[in-house]
Structures are given as structure tokens and as C-alpha cells.
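Below is one structure, written out as C-alpha cells; comments come after it.
All of the numbers you see were taken from the coordinates with simple rules; none came from a lab. Predicted model only: the values in this text are computed from it and were never measured. We place every Cβ from the backbone using ideal geometry, glycine too, and count neighbours over all the protein chains shown.
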Amino acid sequence: MIGKAQNSKPYSALMKKEAKATKTWEESMTAIQNYVKGKKVSDLKQTVTDLKATKKASDVVSGATFADTAGYVQAIYDVASNGMVSKGVATTDNNVTEGQILAAPHGKQSFGIITVAMQNNKIANVFVDEFQYTPSATFGALPNSDKDFGKGIKSGTVLASKRANSKAYSALMTKEAKATHTWIENSDAIAAFANGKTIAELETAVGNVKKTKKVADVVSGATFVDTAGYLQAIIDAAKAAK
């Protein structure tokens, strides 16, 4: 499994070989992102309709050549309409940069996507989600995890979002590690702690968390054993902001 954003060059080579793509994955995705900036949600709904009615996506979204451009715009529309919301600090202007990374803040059985908004050298907002293979009987699957994308996965297992499945994953935390806080409570406590701080302040916090036996003494409301790992991932995402 790979991130296409981190592997645009080799993935684009596959696109060119198998579908005669004329633009890279990153070029088409950037074109879609630039197109949706400043538009109303209702505008995007109309764009999806227009894309489905045309044979040439770039006639609607300049610079985009994905055959599934409508799917990407639909996904952005869905997030804008019903997506998960992370509340950050009050901002003073519109000069906000964003960084997003793939990370492994907790052990070797999962990975996370960490998104950080920066303003005036301080963290303005944080959004964390993690993904892990889990029992399909009790966890909801990521899109396509139970279809072709999931072929080869152990039977009875799906790739799941911990945030979307916090109740089920927290039950495992309680059963296996006697956790007293849910996954979302921990994740949100860490994000709230990071909001408003500089990278240097978080680096100091990582050192303090590693020295203490009680994480909550440093990060109020957090009980994750790997709290330092989550903070480090936030630092790395903040450094990637542009």
C-alpha cells in the first residue's frame, strides 16, 4: 500500500503505460484542488453533473485529465457537506498554510494521516486519523477495503479508520490495555494540546512526555502510551506545511 501523493512519479509512470496518461497524478490532482478553491458547495455539485456529461474532463476542470475527475470532485463535495470537523484556534487572517504526512505514531500495526494548519509559526489546527486491519464483524471498512482494493487481505478483516470506528476500537483498547479514555478522546486531547503552540514548544513537550510515567501530567486528557509519537507526527506535519 502506498500514498499516491508521496509516489506521484512512479504511479504516473503506471498511468502513462496503462492508460496513456498525458499528465502526472500530482498535476491532475493539483488542477482539481485549484479548481475547487473559492467555490461554493452547490457549485461543486453542478461540476460533478457537468463532468459526468462530458467526455473531456479538462473542458470542465482545466488541467485535469483523470477519467474519474467527477469522483474526486464528488469526494470533495461530500467532505464539504458531511465530513468530519476539527476545530482549531481562532485565526487573525487568511495566511494559513497546511501540511499533511503519512506517519506511524503507534506501533507497527497501523498508520496515520496527520494534517496540520499553521498560522504565524503556530499550529492553528490538527486532524489525526489512523488506519488498521481489524475484524470486519465489528468495524466499518474504508471505501473499497471490502472490494477489489481489499483482495489479498486476510478473510474476515478490513482496513478501518480508528476515528470512524472509535467505539469499536476503544472497546479493544479497554479489553487489551485497560484504557480509561476512548481513541477519539485521546486523539482530540493531543490535538487540543498542540493547537496554538510553536514547533519548538511541541518538541519540548515530546521530551517531557518521554520522561514521565503519566502522560496526562504533560498533555491533559491524553493517556495513549505513544502520546510522544502522535506529537512527533504533528511536528513533522507542521514542518511540511506550505
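For LYS17, the lysines whose Cα comes closer than 18 Å to its Cα, not counting residues fewer than 8 places off in the same chain, are LYS4, LYS9.
The modelled label-to-label distance between ASP59 and LYS213, using points 7 Å beyond Cα along the C-beta direction, is 7.0 nm. Cα centroid separation, the range 1-78 to the range 127-196: 28 Å. Normalised by the number of residues in the range 8-82, the average gap of Cα pairs under 8 Å and 6 or more apart makes the relative contact order 31 percent. Net charge dipole, the chain: roughly 380 debye, given to the nearest 20, about the Cα centre with Cβ charges of +1 for Lys and Arg and -1 for Asp and Glu.
The aspartates and glutamates whose alpha-carbon is closer than 15 Å to the alpha-carbon of LYS87, local same-chain residues fewer than 8 away aside, are GLU98, ASP129, GLU185, ASP188. The Cα-based radius of gyration of the chain, divided by its Kirkwood radius, gives an Rg/Rh of 0.99. Backbone geometry of the range 162-174 corresponds, through the Karplus equation with coefficients 6.51, -1.76 and 1.60 at θ = phi - 60°, to 3J(HN,Hα) couplings of 5, 5, 5, 10, 4, 4, 5, 5, 5, 4, 5, 4, 5 Hz, x marking Gly and Pro.
Provide, for q = 0.18 Å⁻¹, the log10 of I(q)/I(0) from a solvent-free Debye sum over equal Cα point scatterers in the range 79-169. For the range 79-169, the Cα-only Debye profile gives -0.89.
Under 20 Å of direct C-alpha separation, and excluding same-chain neighbours fewer than eight residues apart, LYS39 reaches these lysines: LYS52.
Computed as a quarter of the hull surface, the mean projected area of the alpha carbon convex hull for the range 8-82 stands at 4.8 nm². For the set LYS211/LYS242; LYS45/LYS151; LYS20/LYS56, the pairs lying more than 24 angstrom apart at their alpha carbons are LYS211/LYS242; LYS45/LYS151. Here is the tail figure for the range 71-120: Cα pairs spaced more than 17 Å apart come to 59 percent of all pairs. Classify the range 97-239 as rounded, prolate or oblate from the Cα gyration tensor: take a ≥ b ≥ c as the square roots of its eigenvalues, call it rounded if a/c is under 1.5, otherwise prolate when a/b beats b/c and oblate if not. Cα axes put the range 97-239 in the oblate bin. Over the range 97-239, Cα pairs under 8 Å with separation of 6+ residues give a relative contact order of 27 percent.
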